[in-house]
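The values are calculated or read from the model by the stated rules, or taken from the named source; none is laboratory data. As the structure is a computational prediction, the values presented were derived from the model and not from experiment. Here the Cβ positions follow ideal geometry from the backbone for every residue, glycine too, while neighbour counts run over all protein chains shown.
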């Protein structure tokens, strides 16, 4: 089921359980997973994309092994906030994935997540080759952490 807002997403999640963050690219899917208490999102791995069925199977096997109870996909909005072809592709991926799982799916504005991930990797003095291998799942970690921070803020308001 696709959930439009973090507020509604928070409302249907169980009290504890990991959330997976996804950074969908045309060539790869970056994956990050939170702890069960949803405090910290950690980059996990990058899946090389093949075709949707293969990608979805690998992704769903991975999230099942981590006891994930929800998914957040980075929504690559344009800098002016509008949605272009990449957003449409991400929403289509979510609609297709929704048919294969009961996990709730939501979106998080991912503008500048890759820039932030690149900056963090540069500050950590990561080699160019290593950055190319990890940038997608580090960006997924930024997407996931953004949602986790929002969920923590919502929890603090209740």
Considering every residue within segment 74-83, establish whether at least one is under 14 Å from the mean Cα position of the chain (by Cα) and at pLDDT 95 or above. no
Selection within segment 72-92 - under 20 Å from residue 9 (Cα atoms) and part of a helix (DSSP H, G or I): 87, 90, 91, 92
Quick check on residue 126: is it farther than 25 Å from residue 13 by Cβ and modelled with pLDDT under 65? yes
Out of segment 29-72, which residues are surrounded by 13 or more Cβ atoms within 10 Å (Cβ to Cβ), free of Cβ contacts under 8 Å to residues at least 60 places away in the same chain and within 16 Å of residue 95 (Cβ to Cβ)? 52, 55, 56, 59, 60, 71
Just give me the residues in segment 84-96 being modelled with pLDDT of 95 or more, more than 22 Å from residue 145 (Cα to Cα) and in contact with a strand residue (DSSP E or B) (Cβ under 8 Å, 6 or more places away or on another chain), in sequence order. 95
Strands (runs of 3 or more DSSP E) lying entirely in segment 1-71 (those with 1 or more residues that are under 15 Å from the mean Cα position of the chain (by Cα) and at pLDDT 95 or above): 18-24, 28-34
